[in-house]
Amino acid sequence: MSDDETRRRYPCDDFVPAPTLRAWRGVSVDAPPATVWQWVAQIRLAPYSYDWIDNLGRRSPQRLVGLPEPVVGESFTTAGGRRRGRILAVQPGHHLTAGIMGAVLSYVLVPDAGDGTRLLLKVVMRTNPVIALGGCLGDLVMARRQLLNLKRLSEQDADR
């Protein structure tokens with residue numbers, strides 16, 4: 001993550017003033033924002049991280065299913081066959097912000113040089129410092145896998 005990426009304002013910042021946990025992640029994707037967005041929006045179907053942990057062994061869909069655009073108030077994701085979290089804010093093609101398990105997270109798509117995309121994720125939470133540290137470490141592992149999976153799937157679609 002660049003300094004500019006960590007200093008920028010994310011939609012999740014509007015939902016958690018003075019968070020005790022702030023975690024940023026980002027990945028460069030060799031696919032246009034419109035392609036990456038479809039995969040971000042499809043998080044509503046599955047977590048796209050480590051399926052054996054987050055999804056009780058059910059594999060996250062590896063093909064786009066043509067979902068309608070996400071809307072505020074609907075479930076954020078499905079894990080282990082159960083709907084989890086809520087979408088709090090969305091600007092199709094630009095960002096998806098949701099709350100889950102006490103955290104608020106924003107996925108932000110930034111057009112990159114050429115036809116690529118920077119997929120940024122910020123997670124904020126207000127909790128005690130010990131839980132914040134544990135949450136940050138867990139987020140590092142799970143969010144990294146999720147972003148890498150979204151990158152891989154987006155790039156596969158862009159190559160078609």
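Note on the stretch 3-18: residues that are more than 18 Å from the chain's Cα centre (by Cα) and not in a helix (DSSP H, G or I) total 2. Residues in the stretch 110-123 that are surrounded by fewer than 22 Cβ atoms within 10 Å (Cβ to Cβ) and of a type outside the set (D, E, K, R): Val110, Pro111, Ala113, Gly114, Gly116.
Is it true that some residue in the stretch 130-141 is out of contact with any Leu (no Cβ under 7 Å at 6 or more places or on another chain), modelled with pLDDT of 80 or more and either closer than 24 Å to Thr35 by Cα or open to solvent by 70 Å² or more (accessible area, probe 1.4 Å) (or both)? Don't jump to the end; show me each part of the working.
At the first step, the residues of the stretch 130-141 found to be out of contact with any Leu (no Cβ under 7 Å at 6 or more places or on another chain) are 130-131, 133-134, 137-141.
Filter once more, keeping what is modelled with pLDDT of 80 or more: none.
Scanning the stretch 130-141 turns up no residue that is out of contact with any Leu (no Cβ under 7 Å at 6 or more places or on another chain), modelled with pLDDT of 80 or more and either closer than 24 Å to Thr35 by Cα or open to solvent by 70 Å² or more (accessible area, probe 1.4 Å) (or both).
Every condition in (1) open to solvent by less than 20 Å² (accessible area, probe 1.4 Å); (2) assigned to a helix (DSSP H, G or I); (3) modelled with pLDDT under 95 holds for Phe76 except the one numbered (2).
Residue count for the stretch 1-21, restricted to those that are closer than 18 Å to Leu88 by Cα and in contact with a Ser or Thr (Cβ under 9 Å, 6 or more places away or on another chain): 7. Candidates in the stretch 35-60 are the residues that are open to solvent by less than 40 Å² (accessible area, probe 1.4 Å) and assigned to a loop (DSSP other than H, G, I, E, B); of these, the one that is modelled with the lowest pLDDT is Asn55.
The values are calculated or read from the model by the stated rules, or taken from the named source; none is laboratory data. A quick note: this is a predicted structure, and the numbers were derived from the prediction, not measured. Neighbour counts run over all protein chains shown; Cβ positions are idealised from the backbone, glycine included. Accessible surface is based on the protein model in full, side chains and every heavy atom, while ligands, DNA and RNA are left aside. Shrake-Rupley method; radii C 1.70, N 1.55, O 1.52, S 1.80 Å.
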